[in-house]
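The values are calculated or read from the model by the stated rules, or taken from the named source; none is laboratory data. Everything quoted here is computed from the prediction, not taken from an experiment. Please note: Cβ atoms are built from the backbone with ideal geometry, for glycine as well, and neighbour counts cover all protein chains shown. These accessible areas exclude ligands, DNA and RNA; they are computed on the full protein's heavy atoms, side chains included. Shrake-Rupley method; radii C 1.70, N 1.55, O 1.52, S 1.80 Å.
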Amino acid sequence: MELFYTGKTVEEATAKALEQLGIEREEISIEVVEMPVRKLFRSIPAKIRVTLLAEEAENARKAEAEAAAKAAAEKKAAEKKAAEKAAAEKKAAEKKAAEKAAAEKKAAEKAEKTEKAEKKPEPKKPVEKKAEPAVEAAPAETAPEAAEAAPVKEPKEFNPEKIELAKVFLETVAADMGVTGFTVTPEQQDETLVLKVEGEGLGILIGRRGETMEALSYLTGLVANRLGGDYQKVALDVAGYRSKRESDLVALAKRVGAKVAKTGRSYTMEPMNPYERRIIHSTISKMEGVSSESTGEGEDRRVVISSTDPNAVNTSARSSNRSRGGKGRGKGGSGEGRNENRGEGRSNGNRGN
């Protein structure tokens, strides 16, 4: 805090300050702001600025404490950032190791299949059978009864240890990602073990267009199948995303497939991951007049839906030529024709997901 005092002289102003503050001279610092000046008709008094030395020391101490606190906060932030970086590198290394293990397992399975295929069993000699008298066919009324009596193939039961291992692994990884207050419910769907995750704030487990969810499904399957035995397919359904996404993709494939079958023009869809492309291929395979194939590499790989009508290509080409020859660039103009030709060109890519 700074105070100003005036007097006929600097000494008088100083004495006034000491008297009013009730302190000794050693406890303050004085700075002369204006010296006294005497003129013909008036005099200008002396003016001093008084600062309490104790307050100055306190301000200095506070400044040092703030600087120390700021330095400590910066150091803590740097340590946190380094720890996060180390954790990310560790996860990346674990993922890479898991992918390598999966590739090695796949290669071993392929080699085993090849070896079995090479060891073909010797053909058995045909056994002559004596002709037996014909047996009258059963009445038509008994057919439903026979059908009902036929055994129904039950889905294969999953290994409880694999289910528990997959559940514990998923819960641990989700907790490490900062997800809390969620539940994991195993459910058998045909030949697939689906782990249904419900709770709040699960977006981080889904990721962009379900990419994180698919990666977690892959890693969870690797962990569960370490126990050996029959391979068990594992999938995740986080907050109902998988079932909703499948319904949306099936509806999209049907809509685009119907359009392609009607117009004869091929259609190139946006880039999709393998899981999404499989749904599109499966849906198109059940439709008449259209077929599908994948083209592109990596993240740009996408599905091309084409008409199986032998005249479809010519029809599309004639439409494109008319579009390029038109005067305007409106609906059906040259831009649309180029897009269709580009889509048909991609349809010659390699078949697959």
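Data overview
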item	result
Three-way shape label, the range 1-76, alpha-carbon gyration tensor, a/c 1.5	prolate
Kirkwood Rh in Å, taken over all unlike Cα pairs in the range 183-280	15.1
Met35 accessible area, 1.4 Å probe, all protein chains in place, Å² to nearest 10	120
Loop-located trypsin sites (Lys or Arg not before Pro) in the range 37-68 whose Cβ has at most 16 other Cβ within 10 Å (DSSP)	Lys39, Arg42
Computed accessible area, Glu187, all protein chains, 1.4 angstrom probe, square angstrom	70
Vicinal HN-Hα couplings computed from phi for the range 217-228 (Karplus, 6.51 cos²θ - 1.76 cosθ + 1.60; Hz; Gly/Pro x)	4, 5, 5, 5, x, 4, 5, 5, 7, 5, 6, x
Ile30, Ile284, ranked by accessible area, largest first (probe 1.4 Å)	Ile30, Ile284
Net +/- balance of residues flanking Ser282 in space, Cβ distance below 12 Å, scoring K and R +1, D and E -1	+2
Using θ = phi - 60° and Karplus 6.51 cos²θ - 1.76 cosθ + 1.60, couplings along the range 231-247 (whole Hz; Gly, Pro as x)	5, 10, 6, 10, 9, 10, 10, 8, 6, x, 5, 4, 5, 5, 5, 4, 4
Surface accessible to a 1.4 Å probe, per residue, for the residues of the range 223-310, Å²	52
Computed accessible area, Arg25, all protein chains, 1.4 angstrom probe, square angstrom	110
Accessible area in the full protein assembly, largest first, 1.4 Å probe, for Leu202, Leu222	Leu222, Leu202
Protein-only accessible surface order, largest first, of Tyr241, Tyr231, Tyr275 at 1.4 Å	Tyr231, Tyr241, Tyr275
